[in-house]
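For reference, the structure is listed below as structure tokens.
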Amino acid sequence: MSGVSQSDTSLLCALALVLWTAATGCAIQPAEKPSNIVLIGWDGAQHEHVKECLGRNELPNLKMLASEGGMEEIMVHGQTETEPGFARILTGYKSETNRVLSNSNVGVIPKGYTVFERLENHFGAENFVTIALVAKGHRLNSSTPEKPYYNAGQAADVFRNGILDDKKVASEASALLEKYKDRPFFMFLQFASPDTCGHSCGENSAEYNDALILCDKLTGDVIFKLKELGIYEKTIIYVTADHGFDEGQKGHSYAPYVFITTNDPRGVRPGVQTEITPTILDRLGIDTDKIEPPYDGKPLTK
């Protein structure tokens, strides 16, 4: 629509959510005991820049989630790169255990270690749906036995990487939510725009800022779909990042400050990336103290 900025669009999306909720006659809150979890990764989203955007009311959907659950800082222990960052997030293990040490030193994650496999093995493939939709083509690859997420790709109901367009990731997510709305599920979405724009234009650029706004808008699209389908109240959403950016730069050689934002009514505490998978499993009723090998952290819920 001519003359409407991404910020305006995000605000309109948030307003639509408010109006939709008002039309139903009651507020929709996530359940204490969820059936579903959606994990959204904003690739390269620097915590400080995200906070600046929130201060300017540019991220209304992230702000809404935080108001329902909370937002805290997450530390990156290890290489601040995409491959090891998401490997820590999606396994609960440090790089030495999950075998993804850096973008250039990538092994195959051992069978059974990812959150997708843990959920499928615990609940049974016929009882639980696991989904991954990844924008990046050369990261989080599952296509062959030499790729890091090969075992996860074999276990998951849907594992698509190389979508290359954040809007398509959100569109495909909407279609899959429609398809699996009557079954419990875990869905992981990766939006790549902040990382792409940070590398090309720099962390303090207008393009990087707009990429964060786009991520918020697309996150809002997912939230709206969950509400439209009547399953938001039994779905917990977590939004996080694999790494930040060096302040004002086009790289992230040392960018260990990211965040986690959620609508979880239990809230979250500050923590580290390896505690995200234990949090997901714990909130779905799995005793993480019995996981082998033991996790490198505890659930983030208060």
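The values are calculated or read from the model by the stated rules, or taken from the named source; none is laboratory data. Predicted model only: the values in this text are computed from it and were never measured. Using ideal geometry, Cβ is built from the backbone for each residue, glycine included, and neighbour counts are taken over all protein chains shown.
Looking at segment 69-94, which of the residues that are in a helix (DSSP H, G or I) and touching a Ser or Thr at 6+ places or on another chain (Cβ under 8 Å) is surrounded by the fewest Cβ atoms within 10 Å (Cβ to Cβ)? Across segment 69-94, the extreme among qualifying residues is 83. When segment 248-270 is filtered for residues that are at pLDDT below 95 and of a type in the set (A, V, I, L, M, F, W, C), only 255 remains. Pairs are defined by a Cβ separation below 6 Å, a sequence spacing of at least 6 or placement on different chains, a first member in segment 135-146 that is loosely packed, with under 12 Cβ neighbours inside 10 Å and in a loop (DSSP other than H, G, I, E, B), and a second member that is of a type in the set (A, V, I, L, M, F, W, C) and modelled with pLDDT of 90 or more; no pair meets this definition. Each residue in segment 291-302 was checked for being within 14 Å of residue 112 (Cα to Cα) and surrounded by fewer than 19 Cβ atoms within 10 Å (Cβ to Cβ), and 4 of them qualify.
Yes or no, residue by residue, for (1) in a helix (DSSP H, G or I); (2) within 16 Å of the chain's Cα centre (by Cα); (3) of a type outside the set (Asp, Glu):
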| site | (1), (2), (3) |
| --- | --- |
| 153 | yes, no, yes |
| 167 | yes, yes, yes |
| 172 | yes, yes, no |
| 178 | yes, no, no |
| 183 | no, no, yes |
| 189 | no, yes, yes |
| 194 | yes, yes, yes |
| 199 | yes, no, yes |
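For segment 86-143, which positions are over 24 Å from residue 258 (Cβ atoms) and among the β-branched types (Val, Ile, Thr)? Residues satisfying the conditions are 108, 129.
Applying the criterion of being assigned to a strand (DSSP E or B) and β-branched (Val, Ile, Thr) to the residues of segment 98-129, the residue that is nearest to the chain's Cα centre (by Cα) is 129. Tell me, yes or no, whether segment 167-183 has at least one residue that is closer than 21 Å to residue 89 by Cα and touching a strand residue (DSSP E or B) at 6+ places or on another chain (Cβ under 7 Å). The answer is yes, given that some residue of segment 167-183 is closer than 21 Å to residue 89 by Cα and touching a strand residue (DSSP E or B) at 6+ places or on another chain (Cβ under 7 Å). Residues in segment 115-134 that are crowded, with 21+ Cβ neighbours inside 10 Å, touching a residue at least 60 places away in the same chain (Cβ under 8 Å) and either touching a strand residue (DSSP E or B) at 6+ places or on another chain (Cβ under 8 Å) or not charged (D, E, K, R) (or both): 115, 116, 119. Condition (residue is more than 25 Å from residue 200 (Cβ to Cβ), free of Cβ contacts under 8 Å to residues at least 60 places away in the same chain and among the basic types (Lys, Arg)) applied to segment 47-63: is it met by at least one residue? Looking through segment 47-63, at least one residue is more than 25 Å from residue 200 (Cβ to Cβ), free of Cβ contacts under 8 Å to residues at least 60 places away in the same chain and among the basic types (Lys, Arg). Is there a residue being outside any helix (DSSP H, G or I), touching a residue at least 12 places away in the same chain (Cβ under 8 Å) and in contact with a Ser or Thr (Cβ under 9 Å, 6 or more places away or on another chain) anywhere in segment 219-229? For segment 219-229, residues outside any helix (DSSP H, G or I), touching a residue at least 12 places away in the same chain (Cβ under 8 Å) and in contact with a Ser or Thr (Cβ under 9 Å, 6 or more places away or on another chain): absent.
Within segment 45-68, being over 17 Å from residue 214 (Cα atoms) and either assigned to a loop (DSSP other than H, G, I, E, B) or within 16 Å of the chain's Cα centre (by Cα) (or both) holds for one residue alone: 66. Of the residues 240, 262, the single one that is farther than 15 Å from residue 46 by Cβ, among the hydroxyl-bearing types (Ser, Thr, Tyr) and within 16 Å of the chain's Cα centre (by Cα) is 262.
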